[in-house]
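Engineer: First the structure, then my questions, so here it is.
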Amino acid sequence: MPMTKPGNASLRRTLLIGILGPIALFIVINSVSLYRQSLVAATIAYDRTLLASAKTIGEQLDVVGFDEAAQLRATVPYAAMEAFEADTQSRMYYRVSTLDGTLISGFDELAPWRGQIPQRPPYAALVDFYDGDFREQPVRIAVLLQPVASANGRGMAVVQVAETLELRETLARKLLIDMLWRQLLLMGVVAGVTVMVVQRATRPVRELGQAIEAREADDLSPIDAPDAPRELRPLIDATTAVMGRLQGLLDHQKRFVRDSAHQLRTPLAVLKAQVQSARRGDVPAEQALTEINATVDRATLLANQMLSLAKVEQLRQRPESVTLDFAQVLRGIALDLSPLMADKALDVGIDTEAAPVHAHQWMLGELARNLIHNAIKHSPHGGQLAIDLRTQGGMAVLTVRDDGPGISGELRQRLFAPFAAGDVAKGSGLGLAICKEIVMALGGTLTLDNRPAGGLDATARLPLEGEQ
């Protein structure tokens, strides 16, 4: 069972955190906002009660004298305030005084008001609200400037009504608790629904993983998931493409091993027979060494070309290409093969122009080497060999012309297959196969055409830089 690395992120966890995180944050912010609004509303409601109490007290006032000479009198029994006390949790206290703070009635411990009436009071009255302390308890105080008038006088009284905060705090706690459990319930419902949706949404991913895990180790067939969501199609297609490339690589490896075992068996068997014959003295030593040397040369050529064929596939899977001038590579290969040309006294003509190609240098060199070497091998002694490189239609066109016998139509059909040599005594049959694999890896084409007058044209077309 594959183990999940600690650092690997869970898709479900990421989705849940991504969905529930913002929702939880919104619920918290919304709860705080609603709680504050509720407190403001409750405060306004209780402040109205205080204002009503102050107005009731103001209605009980009497005055004798006018303005500065006015003498205020208050007859306010405490029982008159019991109607404004909501329950036994809170208590109300009052103080009636003149503008300069002189006590007329009420509780002397209640500190005189020293504030100012707001420019825009919330009610149609000269009223102010503030927080204070009375008998070491926090209280909410309403101050009402109450004009007092009678037939015998006119004056202004300051009415203060204080209420302890037990009832307000109880209401605040109740509001908070009610709001919290409702929000927690909402959060639970959202979390449950989100978990269900995420589980349902990620089920195809888990099923796909289980289906791939249940496959045999060598099963690289395309993934069949017709019911997979559209969001998974790119992943499925990419996985299928990778598995297809792996299958091709494995097939190539198996084919390479099979062909290698088959092709190397023959020269090794011949070499063993030649050594045994030489040891018995069936042939002269010089002749035996000559035959052994020829067999070793063919086996060496075969092994080298098989390694070249394998390297083409390796570079196809892991390209390390740069932009090269095909003309320079071609002239360098022609110079390397010039001793073979001179050995056959060939009349060689080379005509090239700059052709920038994006490719691995080994690929271009191996392509040119195999085409030129094949032309040299099949050219008659003293024949002509032409090497021409042109750019045409966004392609680098390399043509190698020889004066050889050409190829038959039947041989042309299988000449690009590995080990399909036209003359098994002179070659391994891998040269043109290597060329074919190289041009295909570079996105080009390779053709062999007999000329009417005799000879063969081998033409390789490769895309120029920027034309791939």
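Engineer: Out of (1) of a type in the set (G, A, S); (2) under 17 Å from L432 (Cα atoms); (3) touching a residue at least 40 places away in the same chain (Cβ under 8 Å), the odd one out for G365 is which?
Structural biologist: (3)
Engineer: Further question on the same structure: Between L39, L15, which is in contact with a helix residue (DSSP H, G or I) (Cβ under 8 Å, 6 or more places away or on another chain), surrounded by 15 or more Cβ atoms within 10 Å (Cβ to Cβ), modelled with pLDDT under 85 and within 30 Å of T194 (Cβ to Cβ)?
Structural biologist: Of L39, L15, the one residue that is in contact with a helix residue (DSSP H, G or I) (Cβ under 8 Å, 6 or more places away or on another chain), surrounded by 15 or more Cβ atoms within 10 Å (Cβ to Cβ), modelled with pLDDT under 85 and within 30 Å of T194 (Cβ to Cβ) is L15.
Engineer: Could you go through segment 213-235 and let me know if any residue there is under 30 Å from E109 (Cβ atoms) and either free of Cβ contacts under 8 Å to residues at least 24 places away in the same chain or loosely packed, with under 13 Cβ neighbours inside 10 Å (or both).
Structural biologist: no
Engineer: Pick from segment 433-468 the residues that are surrounded by fewer than 17 Cβ atoms within 10 Å (Cβ to Cβ) and of a type in the set (G, A, S): which of them is farthest from D403 (Cα to Cα)?
Structural biologist: The extreme case among them is G466.
Engineer: Hey, among the residues in segment 236-269 that are surrounded by 14 or more Cβ atoms within 10 Å (Cβ to Cβ) and at pLDDT 80 or above, which one's farthest from the chain's Cα centre (by Cα)?
Structural biologist: Among those that are surrounded by 14 or more Cβ atoms within 10 Å (Cβ to Cβ) and at pLDDT 80 or above, it is M243.
Engineer: Does segment 183-210 hold any residues that are surrounded by 13 or more Cβ atoms within 10 Å (Cβ to Cβ) and closer than 30 Å to L250 by Cα, and which are they?
Structural biologist: P204, V205, E207, L208
Engineer: Does segment 137-169 hold any residues that are free of Cβ contacts under 8 Å to residues at least 12 places away in the same chain and part of a strand (DSSP E or B), and which are they? First the steps, then the outcome.
Structural biologist: Just the residues of segment 137-169 that are free of Cβ contacts under 8 Å to residues at least 12 places away in the same chain, to begin with: 147, 151, 169.
Of everything in segment 137-169, just one residue is free of Cβ contacts under 8 Å to residues at least 12 places away in the same chain and part of a strand (DSSP E or B), namely P147.
Engineer: I'd like the full set of residues that are surrounded by 12 or more Cβ atoms within 10 Å (Cβ to Cβ) and at positive phi, limited to segment 113-152.
Structural biologist: Selection gives R135 alone.
Engineer: If I go through segment 102-131 residue by residue, how many of them are of a type in the set (D, E, K, R) and in contact with a strand residue (DSSP E or B) (Cβ under 9 Å, 6 or more places away or on another chain)?
Structural biologist: 4
Engineer: G332 is checked against (1) within 29 Å of G393 (Cβ to Cβ); (2) touching a helix residue (DSSP H, G or I) at 6+ places or on another chain (Cβ under 7 Å); (3) modelled with pLDDT of 90 or more; (4) in a helix (DSSP H, G or I) and fails just one. What number does that condition carry?
Structural biologist: (2)
Engineer: Additional query: Output the number of the condition that R120 fails; it satisfies all remaining conditions of (1) at pLDDT below 85; (2) closer than 15 Å to L165 by Cα.
Structural biologist: R120 satisfies all of (1) at pLDDT below 85; (2) closer than 15 Å to L165 by Cα except (2).
Engineer: If you don't mind, there's one more thing I want to ask. Please find, within segment 341-398, the residue that is nearest to the chain's Cα centre (by Cα) out of those that are assigned to a loop (DSSP other than H, G, I, E, B) and charged (D, E, K, R).
Structural biologist: E353
Engineer: Sticking with this one: Among the residues of segment 357-397, what is the count of those that are in contact with a Phe, Trp or Tyr (Cβ under 7 Å, 6 or more places away or on another chain) and either closer than 17 Å to G443 by Cβ or at pLDDT below 90 (or both)?
Structural biologist: So the count comes out to 3.
Engineer: Moving on to the next point. Mind checking whether some residue in segment 221-240 is within 30 Å of I141 (Cβ to Cβ), in a helix (DSSP H, G or I) and touching a helix residue (DSSP H, G or I) at 6+ places or on another chain (Cβ under 7 Å)?
Structural biologist: Scanning segment 221-240 turns up no residue that is within 30 Å of I141 (Cβ to Cβ), in a helix (DSSP H, G or I) and touching a helix residue (DSSP H, G or I) at 6+ places or on another chain (Cβ under 7 Å).
Engineer: For segment 150-187, what are the residues that are of a type in the set (S, T, N, Q) and out of contact with any helix residue (DSSP H, G or I) (no Cβ under 9 Å at 6 or more places or on another chain)?
Structural biologist: S150, N152, T164, T170, listed by residue number.
Engineer: Taking the condition in contact with a strand residue (DSSP E or B) (Cβ under 9 Å, 6 or more places away or on another chain), under 23 Å from R168 (Cα atoms) and at pLDDT below 85, does R95 pass?
Structural biologist: no
Engineer: Oh, and also: Select from segment 379-402 the residues that are buried (at least 20 other Cβ atoms within 10 Å of the Cβ) and of a type outside the set (V, I, T) and write down the one among them that is farthest from P452 (Cα to Cα).
Structural biologist: That would be A396.
The values are calculated or read from the model by the stated rules, or taken from the named source; none is laboratory data. Keep in mind that this is a model prediction, so the values were computed, not measured. Ideal geometry is used to build each Cβ from the backbone, glycine not excepted, and the neighbour counts take in all protein chains shown.
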